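Please read the structure below before turning to the comments.
The values are calculated or read from the model by the stated rules, or taken from the named source; none is laboratory data. Being a predicted model, the structure only gives us computed values, none of them experimental. Cβ coordinates were reconstructed from backbone atoms using ideal geometry, including for glycine residues, and neighbour counts include every protein chain displayed. What goes into the accessible areas is simple: the full protein's heavy atoms, side chains included, and nothing from ligands, DNA or RNA. Shrake-Rupley method; radii C 1.70, N 1.55, O 1.52, S 1.80 Å.
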Amino acid sequence: MFKKYFYIFLISMVPLIELRGAIPVSQGFQLPLLQSYIVCVIGNMLPVPVIYLFARKVLEWGKDKKYIGKFFTFCIEKGHKGGEKLKQKAGRGLFVALLLFVGIPLPGTGAWTGTLAASFLDMGFKKSVIAVLLGVLLAGVIMGIASAGVFTAIFSFV
């Protein structure tokens with residue numbers, strides 16, 4: 001059982017997959033939803049301070065390196081694009097926009113992208129982390145409800 005929790009913990013830390021993928025996997029493992037939710041939220045939030053404090057600097061450093069430059073440039077562009085999109089839609093409500101950007105479980109809108117966008121927008125550290133945390137909690141609830149319903153329906157036919 002510990003192995004399954006560790007597995008979903010690691011999945012929730014993976015960029016682009018994050019808790020949006022980990023919670024459905026936990027339900028596929030038939031783990032209790034509340035414990036899975038907590039494990040996935042912790043796993044998803046663990047990289048957030050590191051991303052905020054260091055990712056932008058590392059990406060800027062590596063954008064003109066031979067082997068990693070294209071990928072790093074892609075990440076920088078994605079962060080800028082996400083940040084500008086948030087800024088245009090939000091205006092002064094950037095905190096709520098970031099929360100919703102992270103919280104609505106669509107591809108490419110998770111904690112990693114949201115935190116990177118917040119760092120490019122120079123939002124404060126505390127404000128960014130709280131908005132991302134609330135967004136992750138929202139995304140977890142949405143994915144938990146969706147996953148529980150989908151897997152319940154699948155297993156009721158088996």
Only one of (1) under 30 Å from GLY28 (Cα atoms); (2) open to solvent by 10 Å² or more (accessible area, probe 1.4 Å) is not met by TRP61, so which one is it? (1)
Can you pull out every residue in the range 92-108 that is without any contact (Cβ under 8 Å) to a residue 12 or more places away in the chain and either within 12 Å of the chain's Cα centre (by Cα) or under 15 Å from ASN44 (Cα atoms) (or both)? LEU106
Would you confirm, using the coordinates I've provided, whether GLY108 is assigned to a helix (DSSP H, G or I) and open to solvent by less than 40 Å² (accessible area, probe 1.4 Å)? no
Testing GLY79 on (1) within 28 Å of CYS40 (Cβ to Cβ); (2) open to solvent by 90 Å² or more (accessible area, probe 1.4 Å), one condition comes back false. Which one is that? (2)
Tell me which residues, restricted to the range 68-102, are at pLDDT 80 or above, touching a helix residue (DSSP H, G or I) at 6+ places or on another chain (Cβ under 9 Å) and of a type in the set (Gly, Ala, Ser). GLY69, ALA97
Sole exception among (1) assigned to a helix (DSSP H, G or I); (2) modelled with pLDDT under 95 for ALA131, by number: (2)
If you go through VAL25, VAL14, VAL50, VAL39, the only one that is among the β-branched types (Val, Ile, Thr) and crowded, with 21+ Cβ neighbours inside 10 Å is VAL39
Does the range 112-120 contain any residue that is over 16 Å from PRO47 (Cβ atoms), crowded, with 22+ Cβ neighbours inside 10 Å and either of a type in the set (A, V, I, L, M, F, W, C) or more than 11 Å from the chain's Cα centre (by Cα) (or both)? no
